[in-house]
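Q: Got a structure for you, questions after.
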Amino acid sequence: MITEIAQIKIHPGHEKQFESAVAEAVPLFPSADGCHGIDLHRSVEHPSQYRLMVRWETVEHHTVTFRASEEFARWRALAGPYFTAPPQVEHVRSVLAQ
C-alpha cells in the first residue's frame, strides 16, 4: 500500500469553500481503480495549508491510472481554483505502524 501525500496551499479566506469542494470530490477517489481511501488534514498553525492523504495499491494507480481519468479532471475542477500553486506531492510506504 502506498500513501500519496499532497501538500496543498489555498488562498487565505477560502478554507470553507475548499473543504466543501473536497467533500464534493471525495466520491471520485474510492471509485478510482486502486484507491483505498482518502483523508484531508488542515494545519493548526497555518490554516490555509492542507495535507491530502490518499491510499493507493501502487504509485502507478495514482500517477498513471487516476491522473489520466475523468475523476482526476473533475477533482481538479472542483478543488483547483482554491490552490495558490500546484500541490507538492510525494508517495510514502509505511515501514512501522502500531
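Q: When the helix-only estimate is applied to the chain (DSSP H runs of n ≥ 4, each -39,500 (n - 2.57), divided by the residue count), what is the mean residue ellipticity at 222 nm, nearest 500 deg cm²/dmol? Write down the numbers at each step before the final one.
A: Details: 2 runs with 21 residues, N = 98.
Estimated from H runs of four or more residues: -6500 deg cm²/dmol.
Q: Shifting gears a bit: With θ set to phi - 60°, apply the Karplus curve 6.51 cos²θ - 1.76 cosθ + 1.60 along region 14-20 and write out the HN-Hα couplings as whole Hz, x wherever there is a Gly or Pro.
A: Result, ordered by residue: 10, 4, 5, 5, 4, 4, 5 Hz.
Q: Can you tell which of Val54, Gly37, Gln88 lies farthest toward the positive end of the dipole of the chain, using +1 and -1 charges on the Cβ of basic and acidic side chains (Lys, Arg; Asp, Glu)?
A: Looking along the dipole axis, the top candidate is Gln88.
Q: Could you order peptides 69-75, 91-97, 52-58 by the average number of other Cβ atoms within 10 Å of their residues, highest first? Don't skip to the end; give the middle numbers.
A: Working: 69-75: 15.6, 91-97: 7.7, 52-58: 18.0.
The densest-packed peptide leads the list: 52-58, 69-75, 91-97.
Q: May I pose another question? Let me know the charge dipole size of region 1-52 about its Cα centre in debye, to the nearest 20, where only the beta-carbon of Lys, Arg (+1) and Asp, Glu (-1) is charged. Could you put the intermediate results ahead of the total?
A: On the way: 4 positive and 7 negative charges, 31 e Å.
In debye, rounded to 20, region 1-52 gives about 140.
Q: Can you give the FRET efficiency for Val95 and Gln49, using 1/(1 + (r/R0)^6), R0 = 25 Å, r = Cβ-Cβ distance, to the nearest 0.05?
A: Numbers: r = 25 Å, r/R0 = 1.02.
Between Val95 and Gln49 the formula returns 0.50.
Q: Quick one: P(r) of the chain from all Cα-Cα pairs, 5 Å bins, percents rounded to integers, in order of increasing distance.
A: Each 5 Å bin holds this share of Cα pairs: 2, 13, 24, 27, 18, 11, 5, 0.
Q: With an 8 Å cut-off on Cα pairs and a minimum separation of 6 or more residues, tell me the relative contact order of the chain in percent. Let's see the in-between values first.
A: Values: 159 pairs, mean separation 45.2, N = 98.
Here the relative contact order equals 46 percent.
Q: Please report, in debye to the nearest 20, how large the charge dipole of the chain is about its Cα centre when each Lys and Arg carries +1 at its beta carbon and each Asp and Glu carries -1 there. Working shown, then result.
A: Numbers: 9 positive and 12 negative charges, 42 e Å.
In total the dipole reaches around 200 debye.
All of the numbers you see were taken from the coordinates with simple rules; none came from a lab. Computed from a prediction, not measured in an experiment: that's the story for all the values here. Quick reminder, even Gly has a Cβ in these numbers, built from the backbone with ideal geometry, and neighbours come from all protein chains shown.
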